[in-house]
Structures are given as C-alpha cells and as structure tokens.
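What follows is a set of notes on a single structure, which appears directly below.
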Amino acid sequence: MSKAFLTLIKRIMVETRFFLGFSLLALFALSWFSIYRTSLSEGRAETVAVREMAQRGELAKPAPKKSDEAKKDEASPKTESSPDAKPEAVQPGDAVAKADPAKDEPKKAEGAETASAETKTAGEAAPPQPALTEEQRRQRRARGFYQFLGGPDMDMSSGAIATMLLYFLTVGIPIMLPLFWGISRGSAAVAAEIERGTMDMILSRPVSRSAYLLAHVITAVFGYLLMVVVIVAGAKIGESFHSVDSSPRMIALARPALNVVGLGLATYGLTIMFSAFDIVRWRPNMIASILTIAQLVGYAVANQPETADDSWYKVPGKFSVFSTFYPIEAFVKGEYLPRHMGALIGVFAAGVIVALWRFNRRDLPANS
Amino acid sequence: MESIIVTHQLTKKYGDFYALRNLSLEIHRGEVFGLLGPNGSGKTTTIRTILGMIRATEGYASVAGLDCWNDSLMVRERVSYLPGELRMFGYLSGYQHLKFLCELRGGTGLERAVHIAESIMELDLNRKVRRYSTGMKQKLALAQAFADPVEILILDEPTSALDPSARGLVLDLVMTAKAQGQTVIFSGHVLSEVERISDRVAIMRRGQLMHVEDMHSRRCARMVLARFDDEPPHEFPDDLGLIVRRRDGREILFEHQGEIRSLLDWFSRQGISEIAIGTEDLRGLYDKFHGPDVRDEELAPVLEYAKP
C-alpha cells in the first residue's frame, strides 16, 4: 500500500474518530449489558420454565392449528353446563407463524399479542375459566415473548437470550449505529468533501480517484469489523463479571454481529453510490435515510401476522435488506447467515462499484 | 522552445453554455505564463482541465505528452497546484497540513515547505489552520506549492488575500522557481503582477483565447506621443520601426521598436512641438479585450496558436 493511500486512510480515521469511538463504546457497553441482563434473567422462574420447554422441543413446535369445530365453539355462546364449553386457552404465542418445513427461511413469530380470547356476544355470561396462577401467566408471556423474538429456532441458551436482549431490547441501538455510520461515512466520501472544498487539495496531488474512494471504503469496512470485535469483546468480558449458565462461543457471538454490520455495509454501499453523484452532503444523507426507513416500513408491512405468503403485503419485504436480519438464528445455527451476508455484501459491492464508476467519470466542480 | 503544456481546440460545454471554446495554446518549458481575464473567462476551467478534474467536451490537453484526462495521475505527479478558492482542513495544525499534503506526494518536500512557511512566510505552524487568517492560509498553501519538487506550478490567483509585502515574496518565489527551471502558470487579476513576472500572457474572454502577448517584446516596445507643428505625414520610413497606434489631428501615438537614436534624429528634422516617450503597460492591451466599450463582434479569438 502506498504512503499516499495510508495517509488518506489515516486522515479519514482521524476525522471519524469521535463518531466511531462513541459507537464502539456504546456497542461494547450494550453487549456487556446484555450479558448482565441475561445473568439476571436466568434466575427467574419463567426463564427456567421456558428453557425447559425449549429443551423438550416445545418452543420449536408450531402453535397447534385450531380446528373448525374449535373455532365454531369459540364463536358460539356456551353455557356453563356444556361439556364442550372449554375455557379459551390463550397462548401468547398462538398466533405464531407456522414453521413450514417446506420453506427454507426461518420465520419469526408473528403477532404474539394479537391472539386474544374471542369476545362473547353481548349479554351472555362467559363460561368460567380456571384461574391461572401468576406464575403461569408469567410463563405464558415469557414463552410468547421469546418465541416472538427468537422464533422457533431459539434455544434459550445464555447466548441466545443475550443476543435477543442486545438486538431487540436496547431500543434498537445496535441496529441503528451501523446504519448511522454507513450513512454518515457514505455521504462523507465524495459529496461532503466536494461541499467542504477540500477535494481540490487532495485530488490535485498524484492520488487516483479510485484510490481516494477505496480509502473511504476500506475505512468504513474497518470500522464495521471493529464493531463486530467490540460486540464479541463486550459479551466475553461481561461474562467474566456476570456468570451465565452457558458460555457462548465467540464465533456464535460474532455471527449476529456480522449480520448487523452487514446491514450497515449495505446501507453504506447505497449511500456512497448517491454521494458519488452529488456535490452536497445533505442530499445523499436524505436519500439514504428515506431508503432505509422505507425498507424498514416495507419489512414491517411484510411481516404482519396472519398474512398469506402470496399476499401483496409480502412484496415490500423482498426489497428490504432487513429481511436478511436474523440475529438469533445467526447465533443459534448460522445456517442462513452466508446467504444473508451474501445478499448484504452484494448490495454493498454494487453500490461501491457504481460509485467508483461514477466518480471516475464525473467533473469535479471548482470551489465556490 | 519545447512545449510542455499543449491544448488543441479545447472545449468544455455545460448544456448550451461554453465554459471553454476552441482553446489552442502552447506553454513552453521553463517560462512563466500569465493567464488574464475577468471572472468567468475560462481561466480556472482551463487549469482544471489540465489537472484532469474536468473532462473536455472536445479537443484535448496534454502535459509533457501525457493526456490530461486519461493520464491524469501521471500529469499530477508533475504538477503542483494552488487553487483559487482555498479550502483546508481546519482541525490540522499548519505543520500537519503540510505533512499531509507532502505525504500524498510520497513524502517529498516537507522540509522545504516548512522552511518556506516558517522562514519566508513567517507562519506559526503549531497553530491550527482554523485559527489562521485568510492570508495566512494562502501563505501556507503557497509554501506547499513552491516546495513540491515538480516541473510545473499552476498558481490560480496566488496573491489574493495577501498584503503587499507578501505579494512581493510570492513574485520573488515565482522568479526563483523559474530560475530553477520550473514552468509556472500564473493566473491573476492584478495586471502589474502578471506584467512584472510573465514571459508571455494569454488574455481570455468568455472561454476563448483572445490574444497571446510576448512580454519581452512588449517591454522592448516604446510608446511615442508626438505633436507636429503642421499636418503630419501620412507615411513614415519603414526603417524607423514606427507603427501608428492613433491619430488625433496633429497628434500621433506611435509604437516603436528598434534603435531610438535614429528615431530621435528623424524627429529632430520634423516640426515637432512636443514629444513623450514611455512604455505601454498591460492595461491598454487588456482593455482592448475587456474595456467597457468592447463588443464581442469586434473581437476575433485566436483559434490556432501560431508559433513565433
């Protein structure tokens, strides 16, 4: 690597040190925190109960499909004396999407909270239901909760719980930070440099445009790799302070981290592509942000509960990078991770290639 | 003389607007070449095309035989550039800024840049660039440009934002660069500066080359204003080297090149009531192309560069 290239990389790292440093610190702390919370939750009765269900394979089973009769029974009023008037046994996880063995993709549990007792017609007395204990209610909620977030593959190991806590119960920060980093670095690569006026100073030196852009790309990728490292390090260091029942392997912790930085890389690829066409930073920022939000909304729409697979609802999900984000599956098995990472890296690479193509051909406007 | 920079029918069009039109120019190795013209005349576009920052719509530009767009990297190895609108990395100190730019050229020239910045420009290189005044930033950039071990210096308005003494320093540095064999392209608005140091000057207007003046010849030329007692003759002896620039009744303004003694001798035999001899500054030439009353249709751009 030439001295000029290393100098460019060094400069970019210096410029981004605060944002990257804060992001790494936050990810490290949250990863540690997830281990801490895991160690606390493992002492709870509902966790023990749900774990036993997982060991028995009950978590992996799809929720039993209600027969037509059962549905009719639920719809029609039942008297207290009717032997068929069974209390509505509502499981929070009953609305889980069925795990279809014919399909490759894992499905997250859907609409765990949407299954609810059928309302009785007005004026009719509800049949008496056996009272659930507080403990049973908590277990039911925990099961549905874990199943919703972890899907049928969740094995309730310490690492799986920690992964769930990290990516889903920290206000989405470990997902947002790689996305923010990607948008920030992508727009900085070309558009911000032109807007700032420093592009002239750099490219009047014997530095090729490709080298300039690749220096930005390498810095961004390096930042993402650091994120993977700190997430794993946070968990392992946290483990030395807070004991958990089963020590997660580093490679298993790294897999969901790779999945999330893969999201970030894809976002970065798209942003740098827009940046290569532009002369002001705010526009690629805006376009990339809108695109990211649109993909998130598309993903949410596609994963509404109880939608048929051929429904138009599913279409937006096909174009969303978030459809490749399965951190818990990545932790537990990682079976789909290569395919998901392939798609995400493919988006990243396509964006970088277009950015290189455009940047090498465009005029660089004079400072104003 | 060997040409180091050549442009041929260089044209840059943005939609229907011509930023450059049919610019054909040759800049010789080792000369100081001045580029004159008002804002929007195409000076910066020409420079940026040479540096490979802009791709020409038609025509070509080459530096030392290298195509300015396709071989831009090799061109920039030979060129040091001072942009007209300067922007720097404010968070770096002066020294760090010099070091950064030197490292982009493989690490060469740092010592010389520091020497120029500290000893000649009298800058405090420990201070952050954002704490520099505009003139100090200009000086820092100049120190960088003059320190680069390159064949060609391109200085776009190098004396803007500088105080008079600093301007003089810059002009001295240009002459030193020339003495060391470097070719300097000097683009500016201050006619006296361009006139003082340039070997040749190109005057541009609306993206076209209007005129290239040899400043050596210009410095040798004299302007003679003579008032005759009677009606002055219509023709003058060829061997006197006189060119009539303006007639105003009995007053004639001549341009003269050649032996002054024979001219004075001839004048002494004419009925002359007054005579004044001087040199014409660049202003007169510049005003021919950019004066307030000049109209485009009266001017003919230089389409093909004619070697002397």
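The table for this structure:
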item: Matching option when the condition is within 14 Å of B:Leu140 (Cβ to Cβ) and of a type in the set (Phe, Trp, Tyr), among B:Phe17, B:Phe100; result: B:Phe100
item: Residues satisfying the stated conditions in the stretch B:253-298, i.e. under 30 Å from B:Ser41 (Cβ atoms), of a type in the set (Asp, Glu) and part of a helix (DSSP H, G or I); result: B:Asp287, B:Asp296, B:Glu297, B:Glu298
item: A:Gly197, sole failed condition from (1) out of contact with any Lys or Arg (no Cβ under 8 Å at 6 or more places or on another chain); (2) surrounded by fewer than 22 Cβ atoms within 10 Å (Cβ to Cβ); (3) of a type in the set (Gly, Ala, Ser); result: (1)
item: Options B:Glu259, B:Glu193, B:Glu231, B:Glu297; residue that is surrounded by fewer than 13 Cβ atoms within 10 Å (Cβ to Cβ) and assigned by TED's automatic domain parsing to the domain that holds B:Thr176; result: B:Glu297
item: Check on B:Leu98, in the same structural domain as B:Val129 (by TED's automatic domain parsing) and either within 30 Å of B:Lys128 (Cβ to Cβ) or within 19 Å of the chain's Cα centre (by Cα) (or both); result: yes
item: Boolean, B:Leu82 is in contact with a strand residue (DSSP E or B) (Cβ under 8 Å, 6 or more places away or on another chain) and under 26 Å from B:Asp287 (Cβ atoms); result: no
item: Hey, A:Gly159 outside the structural domain of A:Arg249 (by TED's automatic domain parsing), touching a residue at least 12 places away in the same chain (Cβ under 8 Å), farther than 20 Å from B:Phe100 by Cα and not charged (D, E, K, R) or not; result: yes
item: B:Glu235 vs. criteria part of a strand (DSSP E or B), out of contact with any Gly (no Cβ under 6 Å at 6 or more places or on another chain) and not hydrophobic (A, V, I, L, M, F, W, C); result: no
item: Scan of the stretch A:229-253 for residues that are buried (at least 21 other Cβ atoms within 10 Å of the Cβ) and under 28 Å from A:Val352 (Cβ atoms), ordered by number; result: A:Val230, A:Ile231, A:Val232, A:Leu253
item: Qualifying positions in the stretch B:168-185 - within 19 Å of B:Met121 (Cα to Cα) and either touching a helix residue (DSSP H, G or I) at 6+ places or on another chain (Cβ under 7 Å) or among the polar types (S, T, N, Q) (or both); result: B:Leu169, B:Val170, B:Leu171, B:Leu173, B:Val174, B:Met175, B:Thr176, B:Ala177
item: The lone exception for B:Gly106 - which of (1) more than 17 Å from B:Asp156 (Cα to Cα); (2) of a type outside the set (Phe, Trp, Tyr); (3) within 12 Å of another protein chain (Cβ to nearest Cβ); (4) under 26 Å from the mean Cα position of the chain (by Cα) it fails; result: (4)
item: Any chance B:Gly109 is under 24 Å from B:Thr44 (Cα atoms) and not assigned by TED's automatic domain parsing to the domain that holds B:Ile47; result: no
item: Breaking point among (1) more than 14 Å from chain A (Cβ to nearest Cβ); (2) in contact with a helix residue (DSSP H, G or I) (Cβ under 7 Å, 6 or more places away or on another chain); (3) among the hydroxyl-bearing types (Ser, Thr, Tyr), for B:Ser119; result: (2)
item: Among residues of the stretch B:60-94, those that are free of Cβ contacts under 8 Å to residues at least 60 places away in the same chain, within 12 Å of chain A (Cβ to nearest Cβ) and either surrounded by 20 or more Cβ atoms within 10 Å (Cβ to Cβ) or closer than 25 Å to B:Lys139 by Cβ (or both), counted; result: 11
item: Residue that is surrounded by 17 or more Cβ atoms within 10 Å (Cβ to Cβ) and either among the hydrophobic types (A, V, I, L, M, F, W, C) or within 12 Å of chain A (Cβ to nearest Cβ) (or both), where the choices are B:Arg55, B:Arg48; result: B:Arg48
item: B:Glu103 vs. criteria farther than 19 Å from A:Asp200 by Cβ, outside the structural domain of B:Ile27 (by TED's automatic domain parsing) and not aromatic (Phe, Trp, Tyr); result: no
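Yes or no, residue by residue, for (1) part of a helix (DSSP H, G or I); (2) crowded, with 18+ Cβ neighbours inside 10 Å:
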| position | (1), (2) |
| --- | --- |
| A:Gln136 | yes, no |
| A:Thr170 | no, yes |
| A:Met176 | yes, no |
| A:Ala220 | yes, yes |
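The values are calculated or read from the model by the stated rules, or taken from the named source; none is laboratory data. Everything numeric here is computed off the predicted structure, so don't read it as measured data. Positions of Cβ are generated from backbone atoms using ideal geometry, with glycine treated the same way; all protein chains shown enter the neighbour counts.
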